[in-house]
Amino acid sequence: MGIAAPAHAQIGTVLYQENFDSITLGDSVNERRGPLSFANRTAVATDPTTESRPNAYTHIGPAGWTVDNAFDNFGFTDLTNSLGTDVISTDPVPALLYRIPLTGLIVGNTGVGNAGSAADGVDEWEGWSFADKTFWASVDDQSRSAFTKAQNVVAVADSDEYDDLGAGLGGNYYNTGLTSAQINVASYQNTDLTFSFDSSWRAEGLDDTHVTLGRPDNNQTAIVYAIIDGGAPTPLDIWDSDSGNSDAGDTTPDRPASATFKGDALDESLSYQVSIPAGASTLQFAFGYINAANDWWWAIDNLDVKDSGSATVWSENFDGVTLGPSTNERKDINPTFSKVTAANNDPNTTPFPNAFSHTVPAGWNVDNSGIPAPAIGDNNVGVFEWEGWSVTTRAFSAFASQTSLNSFTKGSGNIVIADSDEFDDFNGATGVTKPITTVLESPTLDITGLAAGSLLLQFDSSWRDESGQTALITVDYGNGEVEVLNWNSTAGDPLFHGTNLDETVLLSLNNPAGATSAKVRFEYTGGNNWFWALDNVQIGTAAIPEPASLALAALSLSAMGLATRRRS
């Protein structure tokens, strides 16, 4: 009952119309602005609506340190993954799903995909970076702040955040190396030194298809190397992200985790013995983060080398590096406000201007007798803005949390809305804010002389359904209400109307012969469900009866096999 109208079926002769734009909106009451803030965004450096964040990061490490974003893992490279282990599906037909790389070998490409691109890949995380820890966690925490052993500046390789701008890695993998300055160990020949550092690792792998290999062969891996006198690097430790598979019944065979698998270790301290041979004079450490895609990260801090007596030989915490402004991790120039639902006298909030009104146009009326009495007129019980039908704007309703109303493009300026979802969001635990029934009544219109069955109603509608919510339209010609539209949100019910956020509805009002007046009522019922919003209400007749529009007007009542009903 009630169908969306194509353009040819719209009302031709308008007898009455209302778009609610004449109503002056007042400040909000319970839907309030929290403290002023500037939203953080990932954007190209030239975005004119954003600006850099200060003291954020650098790619220039302490003196003598180097970052290699063309990293080939010191020549331990298998770009085709030909040495990997095939994983073959078992159901429904055998097929190569992916190939597990031999741990420690780069797969697919050397270096970092799209390195050097201004539009692709977040510059801050293009290979190993030195970043303020708070800044790093603020771009998208996701447990980054759990690295509590670290302080101030950390060294971090973060393939997840790097992939968040433009084409990101472009389907390639992320391979970056970090090598320390040389440490003078000439006095420690033929002795063991203890190397320790704090580490934050979050694992992910075998889920991102490489652009040239055509398989999800990524297996995010970390390698710690020791280098004596600039010679061949010697691995001290290696771990990866291959957690195996134990999901019995899926298409991937069950298999154990990698022998070097390390699950999430967000805040740990690691320690290794390094033997300094006779004749050695320098020691370096290298950190390879390889074969990652849109995975997670590896961050380190507080590096330290001690002798057998626990005396410090060398240390580095990166706090001496000079951090510069951010590049792609930016903040909005224009301020934003968080939304807070609070009492109207909350000292930490301010009202949203030009937000809503419970005043309706002259001749219209709202009947809220179907709202529980304790919630009527008390702006601390139920969100006052949504106490029955309210006049508001899409912008304010979206601010208050109904962002789906941004899709109501047919509604412009002021709209009217019945919103049981938001009404229940303040002190709703009392149970007196649901269910609610609210009725919006039009003026009584003079229809003297109209031919029987010629009166039409048209309006723009935004409806989001949830079980328990109903919409009802009736018309009263002086002898009681006659039902002309009945929607509910019960899937499978003949009267079910699914979510439609932007539709035009055209109905025949079936005025009887001799009727001289008409009043239309829009009734909404819901209990912490969603909403029904209206705009551009028109009542009139078709200008030129054409077959398509006449059929549409008739079908609005009969297409679903439902007869018009009089309400007693």
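A short reminder: the numbers here are calculations on the coordinates, not readings from a lab. Small disclaimer: the values here were computed from a predicted structure and weren't measured. All Cβ positions, even for glycine, are placed from backbone atoms using ideal geometry, and neighbour counts span all protein chains on display.
Values computed for the structure shown
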item: Per-bin percent of Cα-Cα distances, the stretch 103-237 [10 Å]; result: 10, 35, 34, 16, 4, 0
item: Proximal aspartates and glutamates relative to Lys519, as straight alpha-carbon distance under 20 Å, when same-chain residues fewer than 8 apart are discounted; result: Glu18, Asp367, Glu441, Asp446, Asp460, Asp476, Glu481, Glu483, Asp535
item: Cut-off 9 Å between beta-carbons: net charge of the residues surrounding Asp332, Lys and Arg +1, Asp and Glu -1; result: +2
item: Over the chain, volume per residue of the alpha carbon convex hull, in Å³; result: 217
item: P(r) histogram, all alpha-carbon pairs of the stretch 53-329 included - 10 Å bins from 0, percent; result: 7, 29, 34, 21, 8, 1, 0
item: Radius 15 Å from Cβ of Ser517, net charge of other residues (Lys, Arg +1; Asp, Glu -1); result: -2
item: Part-to-part distance (alpha-carbon centres) for the stretch 466-511 and the stretch 18-44, which is given in Å; result: 31
item: For Leu501, net neighbour charge (Lys/Arg +1, Asp/Glu -1) across residues whose Cβ lies under 13 Å away; result: -2
item: Helix 547-558 vs. the chain, principal-axis angle (Cα, 0 to 90°, nearest 10); result: 90
item: Centroid-to-centroid separation of the stretch 272-303 and the stretch 217-241 [C-alpha atoms, Å]; result: 7
item: Residue-by-residue Karplus 3J(HN,Hα) for the stretch 212-228, coefficients 6.51, -1.76, 1.60, Hz, glycine and proline x; result: 9, 6, x, 9, x, 9, 5, 8, 2, 9, 10, 9, 10, 10, 10, 10, 9
item: Calculated log₁₀ intensity ratio I(q)/I(0) where the Debye formula runs over C-alpha points of the stretch 350-504, q = 0.09, 0.17 Å⁻¹; result: -0.33, -1.17
item: Diffusion coefficient, µm² s⁻¹, Stokes-Einstein with Kirkwood Rh over alpha-carbon pairs of the stretch 14-124 at 10 °C and 1.306 mPa s; result: 75
item: Percent of Cα-Cα distances greater than 19 Å, calculated over the stretch 480-540; result: 43
item: Amide hydrogen neighbours beyond the local backbone of Tyr16, cut-off 5 Å, H modeled; result: Ile539
